[in-house]
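Each value in this text was obtained by applying a stated rule to the coordinates, not by laboratory testing. Note that this is a predicted model, so its numbers are computed, not measured. With ideal geometry, Cβ positions are generated from the backbone for all residues, glycine too; neighbour counts draw on all protein chains shown.
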Amino acid sequence: MPVWDDVLTPVDREVIRRGGYGKPRGLGDHPVLLIIDPQYNYAGADSPILEQLQEWPSGAGESAWRAMERLKPVIAAFRETHRPVIYTRQVQQSIAFDGFAAKKTGQDFSQYLDGSKGTSIVDEIAPKEGDLVINKSYASAFYGTPLLSYLIKLKVDTLIVAGGTTSGCVRAACVDAVSRNFDAAVLEDCVYDRISISHKVALLDLWMKYCDVISGEEAVRYVQALG
């Protein structure tokens, strides 16, 4: 049963049925694993979200850490089969240009500036030699970055997307990937968000209209089958 099932009304279910939403897009033969912003700022601490908000006001807490644990076998499968792994990192040179900061109050925004610990990728799934890391300043991994050029050079046709947050940067990357005619799938159990309903509705929306929604285990089987 999909994670969004409990937020649907009977009318919602009928709209989906009659409209024919959620048809599988399908995946190609040349995938990349795109891990969105797995940084301390957005993962936070491995504890219930309310207990870690003072230190990490934008952190998702324990849900992020469980998602990253489930992501580890997917990363390993991509590396073992010599498929590319790309990380993105949300960093700012000046908070004046941070749209996210403009919508939040009551915190020290210096932790979002490049060089702070918060902008670092968490050690547990840190990049290894051969992985790519792309810095970005806005929600979409495609906006103002060389990501598209890298994907073309790597002859990628499919993006497998994980990380956070589901309703923000993950959703933006998936929509922009499909808009550029890539196939895409988001890993339901390897993404995370601060607000549970935002997480569920973002996945529902992506599944209905934009990309496939699969599990980490399905992603491992998919990439292993490609060899």
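Numbers at a glance
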{"item": "Cα centroid separation, the range 20-39 to the range 132-180 (Å)", "result": "10"}
{"item": "Gyration tensor (alpha-carbon) shape descriptor, the chain, a/c threshold 1.5", "result": "oblate"}
{"item": "Ordering of 189-199, 140-150, 12-22 by packing [mean C-beta count within 10 Å, highest first]", "result": "189-199, 140-150, 12-22"}
{"item": "Test item: Cα-centred dipole of the chain, Lys/Arg +1 and Asp/Glu -1 on Cβ, debye", "result": "680"}
{"item": "Antiparallel DSSP beta bridges within the chain, percent to nearest 5", "result": "5"}
{"item": "Spin-label proximity, PHE109 to the range 29-65 - amide N less than 18 Å from point 7 Å beyond Cα toward beta carbon", "result": "41-42, 56-59"}
{"item": "Global form of the range 1-63, assessed from the alpha-carbon gyration tensor, a/c cut-off 1.5", "result": "oblate"}
{"item": "Relative contact order (percent, whole number), the chain, Cα cutoff 8 Å, 6+ residue spacing", "result": "27"}
{"item": "Helical mean residue ellipticity (222 nm; -39500 (n - 2.57) per DSSP H run of 4+; nearest 500) of the chain", "result": "-10000 deg cm²/dmol"}
